[in-house]
Amino acid sequence: MMKRIIAIITGIMLLAVMALLTAANIKIVNEAKEIEEKNRVASYSYDSHNTISWEINSAPLVTERLNAESIDFIHDTWIVYFENTYFGTLEIDFPEELKSDAKLSITLSEAVNDNGKPWTRADMDTSLYGFGIAFYTTEVEIPKGTKTYRLVLPERPLPHTESIQDDWEGGVIPFCCGSISGYNEGQFSENNIYQIAVHKEFDDNASKFISDNEVLNEVYEFCKDTIKATTYAGIYIDGYRELKPYEADAYINELGDFSVSNNYDLAKATLEFFSSHHTWPTEWILQTVSLAYEYYMYTGDIKTVKAVYPELKKCLLSDILNDDGLLDSSLVNENMLESFGVSGINDIIDWPGNERDNFSTIVVQKASFKDKIKSAKYRYMAFAADIAGCHYASCIYRITEGTIGDIKMIASPNAVVNGFYYKSLCELGFLADAIGEAEDAENYRTMAENVKALYQKMFVSEKTGLVVDSIGSSHSSLHSNMFALDFGLVSSKNKERVVDYIKSKGMGCSVYGSQFLLEGLIKENQDDYVVDLLASKEKKSWYNMIYHTGSKLATEAWDESIKLNMDWNHAWGTAPVNIITRYIVGVKPYTPGCGTVVIEPHFGNLTSVEAIVPINDGEVRLSYSLNGSENTVMLETTAKAMFIMPADADLKTLAIDGINIDPDCGGQVWLEQGLHEIFYYCEGGSR
């Protein structure tokens, strides 16, 4: 009898649990379906917080009318493909005026699905591919008699329509393909469907790079296309998802922009923006100084530098200097947060966080039992959403789950933040001199020397010669060493060990971090290695963005397996275009405004190069060929130039314009404006 009672009670309890689980599952699935429905017609909700609300002065923008590259008719739907992704909208020029009212379904997307149609959320599956792809789908009614129809998209705060030199209405979206269904009065051709692109004034022929390495050429064009397309906001921003200016994004964007264009309006607008707005990462606030420094070197615009100088001084973050004279983020206080207009200031090292090479952290709060239950809940919700076919909701739950756990803080004071601090002191000292603030300049130079000495004492391991992450740490991450190498903080006795260590890590950082990794290595004449990284076909490569991901613009992260919600239009992924221009071709300003330039090529294993580099009020044209060990560089420059010979040049064989040059020149030769031929042999014979 007792066994029957226990069995009945157990059965009732199981039924109750099943009922509860069923009710919970129904609730989860219903919530997931609500999320799916809310995000069914657009990649991002237009009322979301992922927008910029500040009033800004954006640079002037223009529109470009680009006809379709190809068009197909599949299952009563016109599928339109464009050569590149641009931000803008779609325009239809009907073959004839509409004979009757038309109701059309239109979809725009920056990706193509497996069936050759514009990608939308309906294409998501359990692989969760495509979370960050921008798309928009709508139905429109077009009245009888219409010949030309331009789709009006929902507005987001950027771009400001008054900055567009056209009668612009509505918003923009990044897209390279579209679909139109419901039109049955004729046949569309490539000359009937147009991409109306919004961007800054941009001369496609002002820059060029062609070498014997086809992948490198593709990567250059890919990044150049990204630079042009992402100027649509009139200010450097991080991408369409967040639609927000960040200092670090802007820095890489600016270097890329200067490498392919001598229209500096966006750089000025961005610098002015950061004179009153900032974001939360410690290192990125510091990079405001780098933005101003590079802007001044390329433009010579001393007036703007003077205007932003007080804010640049504030960006040195002197409020968090510790007693030793190093920046320590644990000293951030409320007054400082209020001054910068942010809710927090924290070290970032690299982004996303899983790209930090196990950089030293401190656990400030262990995850509670309640946190672990919450994490498990979101993991289960993601599983249930996937089963129900709600894959977008599953992504949301997975991302939320990833935010729950131990609360960790980057160890501080650390080598990365203080590396940026040193760099900012050096650059601000230069700018202070330029605007006549001699006392400030001297102070910043002295502070920089002190920080450099402290850096060697506090962050360099006597045992390994490597840079450690933080005071008291024995861990040497890729990041501590690559930033130190790039910023000139590695002593000559340790350089070989640091370079070898960095190379042993490969592309062990993010898309953002690659800027500093590549720059540091090429400064140390690791030319072949840098070219190989730029042209790599591994997962962490620009080739992967183009051919595996399938994006026409640089992506926010290397791959969706690294950052699930990465967007497909992120200019901080364009490091190659400035590394190629500023280091492989080797053209940079020598004096502010490019009155004189320095040309210091790092051709590496390339055997031929053709390049055009725009500079302020002019250009540099360079061609290079290698025949055995004979190197010939043809240069045509509108500015006086210092030419610095490649590291492998045999100076005893150097001839310029047919005249032998004294080998005691130290590998540096001044060239006047005009056309020059430079001839030399490689040391040790053929490469």
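The values are calculated or read from the model by the stated rules, or taken from the named source; none is laboratory data. Source: prediction; values computed, not measured. Reconstructed Cβ throughout: ideal geometry from the backbone, glycine too, with neighbour counts over all protein chains shown.
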Checklist entry - In region 466-488, which residues are modelled with pLDDT of 95 or more and either aromatic (F, W, Y) or over 25 Å from the mean Cα position of the chain (by Cα) (or both)? => result L466, V467, V468, S470, I471, S473, S474, H475, S476, F483, F487
Checklist outcome for this item: Checked region 241-268 for anything part of a loop (DSSP other than H, G, I, E, B), within 12 Å of the chain's Cα centre (by Cα) and of a type in the set (S, T, Y); matches are Y246
Next on the checklist: For region 362-390, give me each residue that is touching a residue at least 40 places away in the same chain (Cβ under 8 Å) and under 19 Å from I562 (Cβ atoms).
Outcome noted: none
Next on the checklist: If I ask for residues that are buried (at least 23 other Cβ atoms within 10 Å of the Cβ) and either touching a residue at least 40 places away in the same chain (Cβ under 8 Å) or part of a loop (DSSP other than H, G, I, E, B) (or both), which ones from region 490-512 would you list?
Outcome noted: V490, C509, S510, V511, Y512
Checklist entry - Pick from region 656-685 the residues that are loosely packed, with under 12 Cβ neighbours inside 10 Å and among the polar types (S, T, N, Q): which of them is farthest from T591 (Cα to Cα)? => result N660
Next on the checklist: I need the full set of residues from region 134-153 which are part of a loop (DSSP other than H, G, I, E, B) and buried (at least 16 other Cβ atoms within 10 Å of the Cβ), in order please.
Outcome noted: A134, L151, L153
Item to check | Any chance N544 is over 24 Å from R621 (Cβ atoms), polar (S, T, N, Q), touching a Phe, Trp or Tyr at 6+ places or on another chain (Cβ under 7 Å) and without any contact (Cβ under 8 Å) to a residue 60 or more places away in the chain | outcome: yes
Checklist entry - Has region 402-422 got at least one residue that is under 30 Å from N565 (Cα atoms), among the β-branched types (V, I, T), without any contact (Cβ under 8 Å) to a residue 60 or more places away in the chain and touching a Lys or Arg at 6+ places or on another chain (Cβ under 7 Å)? => result yes
Checklist entry - Yes or no: E110 closer than 28 Å to K200 by Cα and of a type in the set (D, E, K, R)? => result yes
Next on the checklist: Only one of D559, D617, D567 is more than 22 Å from I522 (Cβ to Cβ) and more than 24 Å from the chain's Cα centre (by Cα). Can you tell me which?
Outcome noted: D617
Checklist entry - Is it the case that region 646-655 has a residue that's without any contact (Cβ under 8 Å) to a residue 60 or more places away in the chain, surrounded by fewer than 16 Cβ atoms within 10 Å (Cβ to Cβ) and over 18 Å from I612 (Cα atoms)? => result yes
Checklist entry - Is it true that some residue in region 513-523 is in a loop (DSSP other than H, G, I, E, B) and within 24 Å of L425 (Cα to Cα)? => result no
Item to check | Count of residues meeting criterion [over 22 Å from G604 (Cβ atoms) and more than 36 Å from the chain's Cα centre (by Cα)] in region 636-665 | outcome: 12
Checklist entry - So W54 clears everything in (1) crowded, with 18+ Cβ neighbours inside 10 Å; (2) modelled with pLDDT under 95; (3) within 25 Å of the chain's Cα centre (by Cα) except one condition, right? Which one? => result (1)
Checklist entry - Counting just the residues of region 635-649 that are in contact with a Lys or Arg (Cβ under 8 Å, 6 or more places away or on another chain) and modelled with pLDDT of 95 or more, which one comes out nearest to I584 (Cα to Cα)? => result L635
Checklist entry - Can you name every residue in region 160-178 that is surrounded by 20 or more Cβ atoms within 10 Å (Cβ to Cβ) and hydroxyl-bearing (S, T, Y)? => result S163
Checklist entry - With A434, A448 as the choices, which residue is touching a Pro at 6+ places or on another chain (Cβ under 9 Å), modelled with pLDDT of 95 or more and not charged (D, E, K, R)? => result A434
Checklist outcome for this item: Exception for S189 within (1) of a type in the set (S, T, N, Q); (2) assigned to a loop (DSSP other than H, G, I, E, B); (3) within 25 Å of the chain's Cα centre (by Cα) falls at (3)
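Let's see how each residue does on (1) on the phi < 0 side of the Ramachandran plot; (2) part of a helix (DSSP H, G or I):
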position: D567; (1), (2): yes, no
position: N578; (1), (2): yes, yes
position: R582; (1), (2): yes, yes
position: G593; (1), (2): no, yes
position: V598; (1), (2): yes, no
position: F603; (1), (2): yes, no
position: A611; (1), (2): yes, no
position: P614; (1), (2): yes, no
Checklist outcome for this item: Q515 meets each of (1) without any contact (Cβ under 8 Å) to a residue 40 or more places away in the chain; (2) among the polar types (S, T, N, Q); (3) in contact with a helix residue (DSSP H, G or I) (Cβ under 9 Å, 6 or more places away or on another chain) with one exception, condition (1)
Next on the checklist: I'm told Y529 meets every condition in (1) under 18 Å from L606 (Cβ atoms); (2) within 21 Å of the chain's Cα centre (by Cα); (3) assigned to a helix (DSSP H, G or I) except one. Can you identify the failing condition by its number?
Outcome noted: (2)
Checklist entry - A233 versus (1) crowded, with 24+ Cβ neighbours inside 10 Å; (2) part of a helix (DSSP H, G or I): which is the lone unmet condition? => result (2)
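Being in a helix (DSSP H, G or I) and out of contact with any Asp or Glu (no Cβ under 9 Å at 6 or more places or on another chain) is the filter here; which residues of region 469-481 pass it?
Hit for region 469-481 is N481, nothing else.
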